[in-house]
Amino acid sequence: MPMSIIGQEIRALRKRHVYGQSLTELAQRTGLSGRALEFIERDHKVPTARTLEKIFDVLGTRAEEADRLHRLRAAAQARRQGLDVASRDVEQLPRLSRMLAVEAVVTVRQAGGAITDAVQEKLRTRFETVLKSVLSA
């Protein structure tokens with residue numbers, strides 16, 4: 001049973017791309033395996049943030065669309081890990097913290113590794129976005 005709709009969204013992005021890339025073409029251009037992309041598009045696997053970035057780079061995805069798909073990925077990842085933030089279960093905090101830490105690393109890498117006030121604000125915004133995604137999922 002599919003965990004999310006992120007794979008369907010990625011497939012639609014790929015097919016809307018100016019060249020209408022096949023799965024094989026996307027695999028070659030991203031350096032990912034066709035099998036991995038197939039699993040992602042069928043929603044059998046939640047892509048990592050790095051994998052999403054590779055796909056976005058190849059497809060020339062707009063920032064707004066990329067951000068929306070990152071939120072979908074975060075919500076799917078939380079569901080996959082069995083997180084239920086609404087339950088306020090304290091035992092889930094370590095897993096949630098790890099997930100947020102990964103998001104922080106992605107944000108810092110996208111900013112070139114520098115941690116400025118603007119990057120700190122971006123981290124706070126991303127954490128808030130992830131929590132909202134988890135709560136609304």
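The values are calculated or read from the model by the stated rules, or taken from the named source; none is laboratory data. Keep in mind it's a predicted model, so treat the numbers as computed, not measured. Cβ sites come from the backbone with ideal geometry, for glycine too, and all protein chains shown count toward neighbours.
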From Arg80, Arg71, residue being surrounded by 12 or more Cβ atoms within 10 Å (Cβ to Cβ) and at pLDDT below 75 = Arg80
Over region 43-68, the set of residues modelled with pLDDT under 85 and part of a helix (DSSP H, G or I) is Ala49, Ala63, Glu64, Glu65, Ala66, Asp67, Arg68
What are the residues in region 19-39 that are β-branched (Val, Ile, Thr) and either under 12 Å from Lys54 (Cβ atoms) or touching a residue at least 12 places away in the same chain (Cβ under 8 Å) (or both), if any?
-> Thr30
Restricting attention to region 31-55, and to residues there that are within 16 Å of Ala66 (Cα to Cα) and among the polar types (S, T, N, Q), which single residue is farthest from the chain's Cα centre (by Cα)?
-> Thr51
